[in-house]
Protein chains: 2
Amino acid sequence: MKWNLKPIFYPKSVAVVGASEEPTKIGHVILRNFLKSFDGKVHPVNPGHKELEGLKCYPKVSDVPGGIDLVVIAVPARFVPDVMRDCAKKKAKGVIVITGGFQEIGRKDLEDEVRNIANKAGIPIIGVNCLGVFDTNTQVDTLFLPRFKLERPRRGGISFISQSGAVGSAVLDWAGARGFGVSKFISYGNATNVDEVDLLEFLEKDESTKVICAYFEGTKRGKELINVARRVSCIKPIIAIKAGRSAAGAKAVSSHTGSLAGSDIVWDAAFKQAGVMRAEGVDDMFDIARVFAEQPAPRGDRVAVLTNGGGFGVLAADACVKHGLRMAELSEKTLSSLRQHVPEYAVLKNPIDLVGDADVGRYDVTLNALMKDPNVDSIYCIALFQTASLDSEVVDLISEVGERKEKPIVTVSTGGDFTKLHMRLMEENGIPTFDTLESAAKALAAVTHYQAFRSSTVCKSL
Amino acid sequence: MKWNLKPIFYPKSVAVVGASEEPTKIGHVILRNFLKSFDGKVHPVNPGHKELEGLKCYPKVSDVPGGIDLVVIAVPARFVPDVMRDCAKKKAKGVIVITGGFQEIGRKDLEDEVRNIANKAGIPIIGVNCLGVFDTNTQVDTLFLPRFKLERPRRGGISFISQSGAVGSAVLDWAGARGFGVSKFISYGNATNVDEVDLLEFLEKDESTKVICAYFEGTKRGKELINVARRVSCIKPIIAIKAGRSAAGAKAVSSHTGSLAGSDIVWDAAFKQAGVMRAEGVDDMFDIARVFAEQPAPRGDRVAVLTNGGGFGVLAADACVKHGLRMAELSEKTLSSLRQHVPEYAVLKNPIDLVGDADVGRYDVTLNALMKDPNVDSIYCIALFQTASLDSEVVDLISEVGERKEKPIVTVSTGGDFTKLHMRLMEENGIPTFDTLESAAKALAAVTHYQAFRSSTVCKSL
């Protein structure tokens, strides 16, 4: 079945079933989330209340006047089939079932019942047994974990689908605190009638999604997944973590989500064929995704490294080469412009070492020259904030140069809280910022290599 | 020459040459550093002042009454030979020369002069052209970078020598903010008469140093370095970054410190032979070092993973196996103790999935059982703080269990500011804490594999 998932992410009206006045209840937290920032209509549903949070509360979904786009269900599993029947009656357009207690604890019967009702009525379900959805565009937010424990990321181009709720929430929180920009987070749990293939197809068309991240443990539709992934990869990059690589991990997968992890060699080959970039960890995945989401595509593999710390320049060159980038040969025009503006003791090679007393002026001249240099495809900018001469202004400079989106730029800064503050500011301005040299090189290389896939015959034949 | 470097790190009296009242001067910052926390006598030296910061100021080192252990020199390069002659006259026991402007800018003559005077007088020099020393034990602190930009780490067992000042200061700042424990940081610049070999020999005997980290770009004494490293490695672990792996990096090395990077294959083989663990980046290096510094040695390679997020358990198992650890088979005693105390829906395999509603009680039972389990050599503990049930108490629990030092334990938490606060608390309590699954597995594996080197014939024959 080909679902229309738009009403789930862009609803005009939402009903929360299991809404409650009890602060520890999931239904309460979710209702509050919607009241906080969602623009559409919100209807609490609970037969035990006439009113909740100042809103009229309805006994059933079908009692709500007007159409309902999205129903969020957070009542015990045994009640879910009845609620689903009522959603069918009301012709709700999409449902998120947070509730667990189905197939994952042996109640396949109950999940089958829910699926049958939904399929017959043509209602897509996110879940069951999931965290649901967080969308920075519409503020659809069904995350019921304590807000002080789970930071929400800013709006951006990365969408992330996760079979595991725990992985999803930890990553979302982590991304939020680092200033990474996210479009949609989707925890789809048991994939009762909407699975990773459906979600990929939805994100393929979703305009706010520039890059897709995915955490899988397995799939029931391997062939379709790879076919769809290949098609999507030619339009938007996909970066995936496939857990259960090792025998021990595969065993753990079957205890965790009951999926078959499948042969890792087969997964690896399939991902390659489909142009899906495989990440090992969530950090890798987001590192690559951030460069895709915020920066233009590089035209080639020639990188220029600049630094105010010589040792970091050396290590950056090592890391870039290791990941398959080439060190650019700077043009004569760049070199002569630098010779005019930076002191003699700076090293005008690649890496360009602006040395320890570099100030924002030296960065300015250098970044602008590199942006114009036809021999340079991407810029790897190291800014160490420990020195007395490099002040906070460099954040604005790098952000302004980056905003022109002429060539991809990534920055690396390593340090404590002072440094981290500046990193977050740059990140929020759309400059992918890294605290290790290796991770920046890996991400820049992945983005560079993806361009080769996109211009390959695989994509041209589509 | 075999130096006695103890007076540099454990001085009773210090003279600061170039001390100044001007806040932006290096000599001012260093004098203030000593006045802030150093316990011994501090003497400013500057012919232009009678008094500085309330202390009598002397025209020359030789004018200071009593013996001088350490002289810190921060005057322009052309004055350094005369100051050094005066140090010789005063029979100072060690010198740190912060000043640059010697061999690195073509003034080999000036550096040779300084070296000749020092060698004749038997005075070891840290530098020239360096950041000098930061010692958490004695508070010898010659770091002249702005304090708000460069956090100082807490006291601990990691000593770090760095040919590059920028690498050193960025890493120190980074380590400080994360709660890592450091003993000594040594930036040795041009290695005028004290080089990496001398420093290794000093740290070999230094009781406060449990593990040695090193950043090299090259060495003039390759054979001695490897011989000493092999001897030291059998006593204390050494983790090294050797920059200039790639051709591009090697070229950058020669522009940076004028060292010959040398063949990377030769370096790699030499490190292996000497039991030196090679890290690619400063994060890797400190990740491994923290486990050595804070945790006991594992007796074998069998790791137990516990988690409150299933997906993280799967990925952890994958990462542990990838790095050569074995998943432990939990003993029947452990399993039956867990069966009694954790709910039926928890997964009592390895990884142990305590599931999303795990509280500190479940962690308590599990960690204690694993500490006693003879089939388990090390513990890999994942604690995701996003869930409502896991509260801050788990920090105390993990810290208490870790403090017993029965088996190595590492923890992984991924998240935003709430999580990071808890991570730092654990780190400061001596629990190596990681935000990625991969880095924890890599570090635990490195520590495990080092035990094999230590019990190898290489060490037994010494």
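Projecting the Cα atoms of A:SER187, A:VAL211, A:SER255 onto the dipole axis of region A:150-294, where Lys and Arg carry +1 and Asp and Glu carry -1 at the beta carbon, places A:VAL211 farthest toward the positive end.
All C-alpha to C-alpha distances of region B:326-434, sorted into 10 Å bins beginning at zero, yield P(r) values of 14, 49, 32, 4 percent in whole numbers.
Charges were assigned to the Cβ only: +1 to each Lys and Arg, -1 to each Asp and Glu. The resulting dipole of chain B about its Cα centre is roughly 1800 debye.
With its label point defined 7 Å out from Cα along the Cα-to-Cβ axis, A:GLY324 lies at 2.7 nm from the matching points of the other copies, in increasing order.
The alpha-carbon of A:LYS460 sits under 18 angstrom from the alpha-carbons of these lysines, leaving out residues fewer than 8 places away in its chain: A:LYS236, A:LYS272.
Taking region A:297-454 as the region of interest, the number of lysine pairs whose Cα atoms are within less than 25 Å, with members eight or more places apart or on different chains, is 19.
Taking the Cα centre of each part, how many Å lie between region B:189-262 and region A:266-298? After rounding, the separation between the Cα centres reads 36 Å. Give me the percent of Cα-Cα pairs in region B:16-131 that sit more than 16 Å apart, rounded to a whole number. Taking all Cα-Cα pairs of region B:16-131, the fraction more than 16 Å apart is 56 percent.
Which whole-number percent of Cα pairs in chain A have a distance greater than 39 Å? That tail contains 30 percent of the Cα-Cα pairs. Of the residues B:VAL140, A:LEU52, B:VAL321, the one whose Cα sits farthest toward the positive end of the charge dipole of the protein assembly as shown, with +1 on the Cβ of Lys and Arg and -1 on the Cβ of Asp and Glu, is B:VAL321. Can you list, shortest first in nanometers, how far A:GLU406 lies from the same residue in the other copies, with each label 7 Å from Cα toward Cβ? Label point to label point, same position, other copies: 6.3 nm.
On the basis of the beta-carbon distance and an R0 of 35 Å, A:ASN137 and B:ASP396 show a calculated FRET efficiency of 0.30.
Would you tell me the mean number of C-beta atoms belonging to other protein chains that fall within 10 Å of each C-beta in A:338-347, as a whole number? Don't skip to the end; give the middle numbers.
On the way: counts 0, 0, 0, 0, 0, 0, 1, 4, 0, 3.
Across the residues of A:338-347, the mean count of other-chain Cβ atoms within 10 Å is 1.
By the rule of a second cysteine Cβ within less than 4.7 angstrom, chain A holds isolated cysteines at A:CYS57, A:CYS87, A:CYS130, A:CYS213, A:CYS320, A:CYS381.
Assuming a viscosity of 0.890 mPa s and a temperature of 25 °C, what translational diffusion coefficient in µm² per second does Stokes-Einstein assign to the protein assembly as shown, Rh being the Kirkwood radius over Cα pairs? The partial results should precede the final answer.
Values: Rh = 29.5 Å.
Estimated via Stokes-Einstein, D reaches 83 µm²/s.
Label points for B:ASP109 are taken 7 Å from Cα along Cα→Cβ. From this copy to the others they lie 9.7 nm apart, shortest first. With the dipole of region A:398-462 worked out from charges on the C-beta (+1 for Lys and Arg, -1 for Asp and Glu) around the Cα centre, which of A:CYS459, A:GLY416, A:HIS449 lies farthest toward the positive end? Most positive-ward Cα: A:CYS459.
Positive contributions from Lys and Arg (+1) and negative ones from Asp and Glu (-1), summed over other residues with Cβ under 10 Å from the Cβ of A:ALA92, come out at +2.
Read-outs: derived from the displayed coordinates by stated rules, not from any lab. Note that this is a predicted model, so its numbers are computed, not measured. For neighbour counting, all protein chains shown are included, and Cβ atoms are generated from backbone atoms with ideal geometry for every residue, glycine included.
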